[in-house]
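Each remark here refers to the structure printed beneath this line.
Every number here is computed from the coordinates shown, using simple stated rules; none is lab data. Fair warning: this is a prediction, and the values are worked out from it, not measured in the lab. All Cβ positions, glycine included, derive from the backbone under ideal geometry; neighbour counts span all protein chains shown.
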Amino acid sequence: MALVFDIETVGEEWDALDETTQHNLSWYLRESSKNDEEYAYEMKELKEGMGLSPLTGSIVAIGVYDTEREKGAVYFSAPDATIEASEGNGIKYEVMDEKAMLEQFWKIAAVCTEFVSFNGRGFDAPFLAIRSMVHNVVPTRDLLSNRYLSMQRGVTHIDLMDQLTFYGAARFRKSLHLFCRALGIQSPKASGTTGDDVATLYKEKKYLDIAHYNAGDLFATAALYKRWKILR
């Protein structure tokens, strides 16, 4: 069984951070910026990118999808909201806090030997590892053992961005959306929602929208994996 996985994250609020942390994250911007306008832009980018680091962000959705059974689940955070578990298009949706999401993910991972992601080695897997440390959750699989498939042992983690760019040798612009567009696969970004919108959706308490977006990423990655596997 090949297990596709994907996460969605949000960052902490800048104003809620202590002064030492704010300084640690931003001190270099004043020195590197050419003028006040550039500094303001860089600060805006920094504040909006807090969810890109597991040190200043948290996981609000974890999706998994079995490519053989064509069934999966999205576990997602919905604080101060009552959302019953539901199912649609082979995906079960269930509300959990971050720790419970991580425990559930590693429980599922324990019985899998092949994992599939898009940029999972650069983002999802490290994020899962660090956030698991935060909650004292013990990972059951090593998703970062070796970048090259021929050198991986125990379990296989197929990062499709690595594979389709030949481990970074290809210099063209790459994203899940662009690969889906070129190969005629329905992209989760086609509706206009992207990963950059997750923080806003979370603030607006549109938790199910985040879960559905995550499911779209699972479907797209699974379809891309099947195309890669046939042509490999």
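Extension gain, residue 53 to residue 170, is 39.5 nm, computed as 0.36 nm per intervening residue step minus the present C-alpha separation.
Largest first, the extents of the alpha carbon coordinates of the chain on the three principal axes equal 52, 46, 36 Å. The number of Lys pairs in the chain with C-alpha atoms less than 18 Å apart, excluding pairs fewer than 8 positions apart on the same chain, is 11. FRET efficiency for the pair residue 99 and residue 36, taken as 1/(1 + (r/R0)^6) with r the Cβ-Cβ distance and R0 = 41 Å, rounds to 0.45.
For residue 173, neighbours were defined as the other residues whose beta-carbon sits under 15 Å from its Cβ, and their charges (Lys and Arg +1, Asp and Glu -1) total +4. Per residue, the average separation of C-alpha pairs within less than 8 Å and at least 6 apart gives the chain a relative contact order of 24 percent.
When DSSP beta bridges are limited to those with both residues in the chain, what percentage is antiparallel, rounded to the nearest 5? Once the DSSP bridges in the chain are tallied, antiparallel ones form about 60 percent.
Prolate is the label for segment 97-186, because a/c, from the alpha-carbon gyration tensor with a ≥ b ≥ c as root eigenvalues, is 1.5 or above and a/b exceeds b/c. Selection among 137, 96, 216 by position relative to the dipole of segment 2-231 gives 216 as farthest towards the positive end (Cβ unit charges, Cα centre). I'd like the distance between the alpha-carbon centres of segment 1-25 and segment 26-75, rounded to an integer number of Å. The distance from the Cα centre of segment 1-25 to that of segment 26-75 comes to 6 Å. Quick check on segment 63-119: of the DSSP beta bridges with both residues there, what percent are antiparallel, nearest 5%? Of the beta bridges lying entirely in segment 63-119, close to 60 percent run antiparallel.
May I ask you to sort 62, 7, 130 by Cβ crowding, counting other Cβ atoms within 10 Å and putting the fewest first?
Lowest to highest Cβ neighbour count: 130, 7, 62.
Taking 79, 139, 126 in turn, the Gaussian network model of the chain (Cα-Cα springs below 10 Å) assigns the largest fluctuation to 79. For segment 10-47, the set of trypsin sites (Lys or Arg not before Pro) satisfying both a DSSP loop assignment and a count of at most 11 other C-beta atoms within 10 Å is given as 34. Of the DSSP H helices in the chain, those with a Cα length along their own long axis of 24 Å or more and a mean Kyte-Doolittle hydropathy reaching -1.0 comprise 207-231. Secondary-structure-derived ellipticity at 222 nm for the chain, considering helices only, amounts to -12500 deg cm²/dmol, per-run term -39500 (n - 2.57) for DSSP H runs with n ≥ 4.
Rounding to the nearest 20 debye, state how big the charge dipole of the chain is about its Cα centre with +1 on each Lys and Arg Cβ and -1 on each Asp and Glu Cβ.
1360 debye
With the charge dipole of the chain set up from +1 on Lys and Arg Cβ and -1 on Asp and Glu Cβ about the Cα centre, the Cα lying farthest toward the positive end among the listed residues 198, 118, 50 is that of 118. Judged by the ratio a/c of the largest to the smallest principal axis of the C-alpha gyration tensor, segment 7-104 counts as prolate, that ratio being 1.5 or greater while a/b is larger than b/c.
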